[in-house]
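Working notes for the structure below.
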Ligand SMILES: [Zn+2]
């Protein structure tokens, strides 16, 4: 099978790898398309130290069931069925101990991150049956590759306990910010604002239901007051820097709730009185439980056309290096690029 291997930082090559065999309880999927995540870009450049040369990355994916390992009830994964997978793998013991919050298992492994696994930038991938989520045939197939990033957004708005009718600010209008906008609208937010310096990204965020603000137009809390009259209930930081977190704290009312999901900086400085004297809550969000992932899959199974706005381009495996290079060096792609593995 053909696969996209990280030969060295900054260099991906298309290589030929042996066909995988499913072990007991495992499923092989024919991969159709896999999205390029910000974490893959940082892995490609070597910035985050979470990917290593020799690895085949990829964790936002859609495919079809190709073969089943020993002991799998064939009705759970019919051959040829459209499917996605939750990339967070948790042992049977972990699934019992961390039921409902499987991502908190310190023993978890993550497809696309784990350096020992050949992940989804390959024509075939092996996943445990528990991680397979079947999809209906009547949705645009590429939407299946959006379920993972949408699950990240859905988890963020659930971690910050968004209630219907509340107002939300998302700082950062890249793919995770976009997923968070859609998730906030889906969960009943009355207004969703996005702060994003890039014009194309602002336009994309407006097309999916947000009111876009340009941080260059003035301090964000002032822009919020001008547009909204009062400060907001909730803010989600999809950047993860001292400045973005300050915008989140300053744009929410006393008692507001802030979710940190962006991972831009390892160290962040905080105006502590925004948290203590004004009684805001700050929660973190990273991935998702099995339930949240399934909820994202059910949501995408509605096939709403709005999901299509998140996809900026689809490229073949042979053009993947160029796509990674472009995402790493230029800010001219507003949404996701998907790599097609099926042609
Ligand atoms: Zn991702």
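What to note about this one:
- Whole-number percent relative contact order across the chain, with pairs defined as alpha carbons under 8 Å at least 6 apart: 19 percent
- Calculated SAXS-style log₁₀ I(q)/I(0) at q = 0.08, 0.09, 0.14, 0.15 Å⁻¹ - the chain, Debye, Cα scatterers: -0.37, -0.47, -1.12, -1.26
- Candidates 151, 210, 77: whichever shows maximal mean-square fluctuation once the chain is modelled as a Gaussian network with Cα springs under 10 Å: 77
- Contact order relative to length of the stretch 161-284, as percent, for alpha carbon pairs under 8 angstrom and 6 or more apart: 22 percent
- For the stretch 30-57 versus the stretch 158-207, the gap between their alpha-carbon centres in whole angstrom: 25 Å
- Most mobile of 149, 78, 175 in a GNM of the chain (Cα contacts under 10 Å): 78
- Tensor-based shape of the stretch 161-284 (alpha-carbon gyration tensor, a/c under 1.5 rounded, otherwise prolate or oblate): rounded
- Rounded, prolate or oblate (a/c below 1.5 giving rounded, otherwise prolate when a/b exceeds b/c) for the stretch 56-98 by Cα gyration tensor: oblate
- The chain, helix-only ellipticity at 222 nm - DSSP H runs n ≥ 4, -39,500 (n - 2.57), divided by all residues, nearest 500: -7500 deg cm²/dmol
- For the stretch 53-127: rounded, prolate or oblate by the Cα gyration tensor [a/c cutoff 1.5]: oblate
- The mean sequence distance of close C-alpha pairs (under 8 Å, at least 6 residues apart), as a share of the length of the stretch 222-343, puts its relative contact order at 18 percent.
- Counted over the chain, the DSSP beta bridges are approximately 55% antiparallel.
- The stretch 322-343 and the stretch 1-21: distance between their alpha carbon centers, rounded to Å: 17 Å
None of the figures in this text is laboratory data; all of them are computed from the coordinates on show. Predicted, not measured: the structure shown is a model, and the values here were computed from it.
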